[in-house]
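Beneath this line is the structure, given in structure tokens, with notes to follow.
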Amino acid sequence: MDGLARLWRSTVGRKALVAASGLLLWLWVVLHVAGNLTLFSGPAAADGYAASLRRTPGALWAVRAGLAAAAVLHVAGVVSLARAARAARPRHQAQARRASTVAARTMRVGGALLLAFVVYHLLHLIGGFFHPGFHPGHVYDNVVGGLRPTWVASIYLAGAGLLGLHLFHGLWASARSLGIWPDRAARRRRPAVVLVSAAVALGFASVPIAVLAGWLR
Ligand code: HEM
């Protein structure tokens, strides 16, 4: 805890914490996409997978607590770094300010919308809110029935798109700002960053698309 507080006090330390918590959330998101793909193997596979996660409640709640802590650290770090950058920027660098603000604002607005999506998603598929046919434990039916209205599937498609953009910007920005990749190496790795971010977004989007197309019913 002491080490964490010491890291938090310096800008580089806070950047490292934002990047590390982002990476943790990234890894979890990849596991979530893999879990979602069990939906394509039918109700028994999807419901069985969800049930297997609940069989070890201790581990499930430890992962949930870790995720929540990482999310809080990530958002608090981003907000605090943005405030520090605004305070430190010389007034005469108006153009640089405008350019960096557009990228940073896109990332912040996108991040806030993504957070709003996650809250809606948890209420919808775990809480059963705004979901007339919800039955706890029937994950396959809850997903397929819940995403059948086009407007709901559109929200999930938008969530997948937002996540893809956020992953891309986040991975790119943290590798650059922490100096993990020197300029030339970063440019060479950009297509790989685009590819993995797009693969995760497509993995998430595949579910609402399959429900809308009638492949999952
Ligand atoms: C777009 C397609 C998505 C589908 C079809 C989907 C589906 C699901 C399902 C079926 C569950 C588990 C419900 C249960 O266990 O009863 C779940 C949980 C969850 N999802 Fe998603 N999800 C999607 C996107 C996302 C995205 C983009 C995020 C975050 C960036 C996300 C974050 C979560 C979280 C935090 C949980 C709770 C996990 C837990 O139980 O601890 N989901 N999702």
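Across region 134-145, computed HN-Hα scalar couplings (Karplus, 6.51 cos²θ - 1.76 cosθ + 1.60, θ = phi - 60°) run 6, 10, x, x, 8, 4, 4, 5, 5, 5, 5, x Hz from first to last residue, x flagging Gly and Pro. What is the distance in Å between the Cα centres of region 139-217 and region 34-54? After rounding, the separation between the Cα centres reads 20 Å. Extension gain, residue 176 to residue 119, is 17.5 nm, computed as 0.36 nm per intervening residue step minus the present C-alpha separation. A Förster radius of 25 Å, combined with the Cβ-Cβ distance separating residue 2 from residue 85, puts the computed FRET efficiency at roughly 0.45. Here the label points at residue 189 and residue 53, each 7 Å from Cα along the C-beta direction, are separated by 2.9 nm in the simple model.
Under 15 Å from a label point set 7 Å out along the Cα-to-Cβ vector of residue 202, the amide N atoms of region 145-183 belong to 161, 164-165.
Readers should treat all values here as calculations from the given coordinates under stated rules, not as data from a laboratory. Computed from a prediction, not measured in an experiment: that's the story for all the values here. Every residue, glycine among them, receives a Cβ derived from its backbone with ideal geometry; neighbour counts consider all protein chains shown.
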